[in-house]
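Beneath this line is the structure, given in structure tokens, with notes to follow.
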Amino acid sequence: MRPKPRLSFWQIWTMSFGFLGIQFGFALQNANVSRIFETLGAAVEDIPILWIAAPVTGLLVQPVIGYLSDRTWSRLGRRRPYFLVGAVLASLALVLMPNSPTLWVAAGMLWIMDASINISMEPFRAFVGDNLPSEQRTTGFAMQSFFIGTGAVVASVMPWLLSEQFGVSNEAQRGVIPDSVRLSFYLGATVFLLAVLWTVIRSFEYSPEEMATFVENRDRPDLTHETRVDDEYTGRGGRQLRVGSVFLALGTLFTLWLARQEIYQVMVLSAGLVFVGLLLLVSGLLHRAGRVQSAFVTLIDDFQDMPRTMRQLAWVQFFSWFALFAMWIYTTAAVTSHVYGTTDTTSALYNEGANWVGVCFGVYNGVAALVAFAIPVLARWTSRKLAHAICLVLGSLGLLSVFLIRDPLMLLGSMVGVGIAWASILSMPYAILTGALPSSKMGYYMGVFNFFIVIPQIVAAAILGFFVGRFFGSEAIFALLIGGISLVVAALLTLRVEDRDDVAAALSV
């Protein structure tokens, strides 16, 4: 057995460079899709449910891609084939999205675009765990945060830049996307493909045989098929049947009650309970039939056996990403109405405000890129979880402060706090998590970890529109206040996380 070799700065740079393109696509999506929906006729309270495509595709795609990439080995390696396929599909979707003729077409394109981006993105997290020793992983994830921030800065401000500096039309008619947005998506598609191609061509991967020789993989917790055979006799299948029946019954009753009350926006939550119940019932029946080594049962059992650190981080991620999703889908509506004082999507003032939201998103991503390598230093002085909690509190202050602002320039100050939190969210949870994962299931568990990014987004999409419309008079600014409170909860939960790696070793750069 031998230690995993340390990589040079430029090797880490190269293996992370593809994230520049991935975040280019995500930033264009986050800053402009609500604008596209409103331009095509969506009401403010309907925007969250239209965004449901993004988290649902992540929920389905990422664990499957992670599971498959754990078991893939080709001439391109283990993770890189998925980088490439996702980049090609996402680039095509980015070209088609701003040409959507109707609202339902745009909603459908969001499904396709988000699924394609997720195919590329999921293996990148496992890529760091595969290639870097534990003492370099915080640096690896910080490098990803740097590229995420850099790509998002350029992508977020691009409609404003094209309009203000290059004279591209920013005028919108009802049902017609402005040229500044359309051209931004075309450029984003190009950057996405080229950046991922650079990583695919210039980086390397260890073969499964080489991975088995590294001493750190010998000491990782793992589960075997033999363990699962024993589980058949200790009642795992029976427990799954009982829990699945409870979920199915509760989900069905909740769905019927919501339908009777005509609260249709929240029915996605009850549908989720039904879905989870059905998954557990099928897995329990397969256990009882002796099919404990099937791929489906393996996926369900591995989910139940996730490490304790991962379970604790799951709650941190839930409240962090709930806040982020509220910000992404409601900032345009909040800024144009609360700061610019208009809800008319065809007015020059609205489109000026919508472009300024892109600038604000560019600022918070720029801050994230700048502080990405400062957060590990803060963690070395304190601890990784305390550093993450501090960053989340600063993000909360940033979101809460928007309520008090009437001058658009002052929004840039709010975005500084959001950017610090964003940089930490993109790196610290993963740096803590990788030390607790078995190397043979790194891709799958990274995919499952994405559940706790997309489930809060689904919850936000299901309930925010209902609460904003029912209790806050469709004032979008209150969604940002809810997001700020959610970040405080995430910060408090961070302090309960068990960080298995030795902090001093793990944070060396």
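Here's a check for you: in region 382-395, which residue that is modelled with pLDDT of 95 or more and hydrophobic (A, V, I, L, M, F, W, C) is nearest to Asp499 (Cα to Cα)?
Ala389
What pairs can you find where one residue is in region 479-492 and under 18 Å from His388 (Cβ atoms), the other is polar (S, T, N, Q) and surrounded by fewer than 24 Cβ atoms within 10 Å (Cβ to Cβ), and their Cβ atoms are less than 7 Å apart, with a gap of 6+ or different chains?
Within 7 Å, the pairs are Gly484/Ser396; Leu487/Ser396; Val488/Ser396.
Quickly run through region 395-441 and pick out the residues that are of a type outside the set (Lys, Arg) and assigned to a loop (DSSP other than H, G, I, E, B).
Taking region 395-441 and keeping what is of a type outside the set (Lys, Arg), we get 395-405, 407-440.
If the condition is that a residue be of a type outside the set (Lys, Arg) and assigned to a loop (DSSP other than H, G, I, E, B), then Ile405, Asp407, Leu426, Ser427, Gly435, Ala436, Leu437, Pro438 are the ones that fit.
Taking Ile49 and the conditions (1) outside any helix (DSSP H, G or I); (2) at pLDDT below 85, which numbered condition does it fall short on, given that it satisfies the others?
Only one criterion is unmet by Ile49, namely (1).
Residue-wise test of (1) touching a Phe, Trp or Tyr at 6+ places or on another chain (Cβ under 8 Å); (2) under 25 Å from Thr331 (Cα atoms).
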position	(1), (2)
Ile52	no, yes
Val61	no, no
Arg78	no, no
Tyr82	no, no
Leu92	no, no
Pro98	yes, yes
Thr102	no, yes
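Return the residues of region 377-396 that are closer than 27 Å to Trp328 by Cα and charged (D, E, K, R); say none if nothing qualifies.
Arg384, Lys385
Which one is surrounded by the fewest Cβ atoms within 10 Å (Cβ to Cβ), of the residues in region 35-46 that are modelled with pLDDT under 80 and in a helix (DSSP H, G or I)?
Per the criteria, the residue is Asp46.
Collect the residues in region 110-131 that are crowded, with 24+ Cβ neighbours inside 10 Å and among the polar types (S, T, N, Q), keeping them in residue-number order.
Within region 110-131, Ser116, Asn118, Ser120 meet the criteria.
List pairs: first in region 1-14 and under 16 Å from Phe127 (Cα atoms), second surrounded by 12 or more Cβ atoms within 10 Å (Cβ to Cβ) and among the aromatic types (Phe, Trp, Tyr), Cβ under 8 Å, 6+ apart or cross-chain?
Listed by first residue and then by second, the contacts come to Lys4/Phe214; Thr14/Trp198.
Of the residues Ala90, Ala31, which is within 21 Å of Gln457 (Cβ to Cβ) and modelled with pLDDT of 90 or more?
Checking each option against the conditions leaves just Ala90.
Here is a list: Val459, Val454. Which entry is surrounded by fewer than 23 Cβ atoms within 10 Å (Cβ to Cβ), hydrophobic (A, V, I, L, M, F, W, C) and within 20 Å of the chain's Cα centre (by Cα)?
Checking each option against the conditions leaves just Val459.
Among the candidates Thr336, Thr343, single out the residue that is over 22 Å from Leu162 (Cβ atoms) and of a type in the set (S, T, N, Q).
Of the residues listed, the single one that is over 22 Å from Leu162 (Cβ atoms) and of a type in the set (S, T, N, Q) is Thr343.
For region 347-360, check the following and say yes or no: at least one residue is in the same structural domain as Ser424 (by TED's automatic domain parsing), part of a loop (DSSP other than H, G, I, E, B) and among the β-branched types (Val, Ile, Thr).
Initially, region 347-360 is screened for residues in the same structural domain as Ser424 (by TED's automatic domain parsing), giving 347-360.
Pick out the ones that are also part of a loop (DSSP other than H, G, I, E, B) and you get 347.
Filter once more, so that each one left must be among the β-branched types (Val, Ile, Thr): none.
No, because not a single residue in region 347-360 is in the same structural domain as Ser424 (by TED's automatic domain parsing), part of a loop (DSSP other than H, G, I, E, B) and among the β-branched types (Val, Ile, Thr).
Sort out which residues of region 364-384 are assigned to a loop (DSSP other than H, G, I, E, B) and small (Gly, Ala, Ser), and write them in order of number.
Within region 364-384, the subset assigned to a loop (DSSP other than H, G, I, E, B) is 372-374, 382-383.
Answer for region 364-384, where residues must be assigned to a loop (DSSP other than H, G, I, E, B) and small (Gly, Ala, Ser): Ala372, Ala374, Ser383.
Just to be sure before I move on: is Gly398 small (Gly, Ala, Ser) and modelled with pLDDT of 90 or more in the structure I sent?
Yes, satisfied.
In the list Thr255, Thr234, which residue meets the criterion of being modelled with pLDDT of 75 or more and not assigned by TED's automatic domain parsing to the domain that holds Ile47?
Within the list Thr255, Thr234, the selection yields Thr255.
Mind checking which residues of region 463-483 are touching a Ser or Thr at 6+ places or on another chain (Cβ under 9 Å), surrounded by fewer than 23 Cβ atoms within 10 Å (Cβ to Cβ) and either hydrophobic (A, V, I, L, M, F, W, C) or in a helix (DSSP H, G or I) (or both)?
Hit for region 463-483 is Ile477, nothing else.
Residues being of a type in the set (Phe, Trp, Tyr) and crowded, with 23+ Cβ neighbours inside 10 Å: count how many of those fall in region 61-100.
Total meeting the criteria: 2.
The values are calculated or read from the model by the stated rules, or taken from the named source; none is laboratory data. Values in this document were obtained by computation on a predicted structure and should not be read as measured data. Cβ atoms come from the backbone with ideal geometry, glycine included; neighbour counts cover every protein chain shown.
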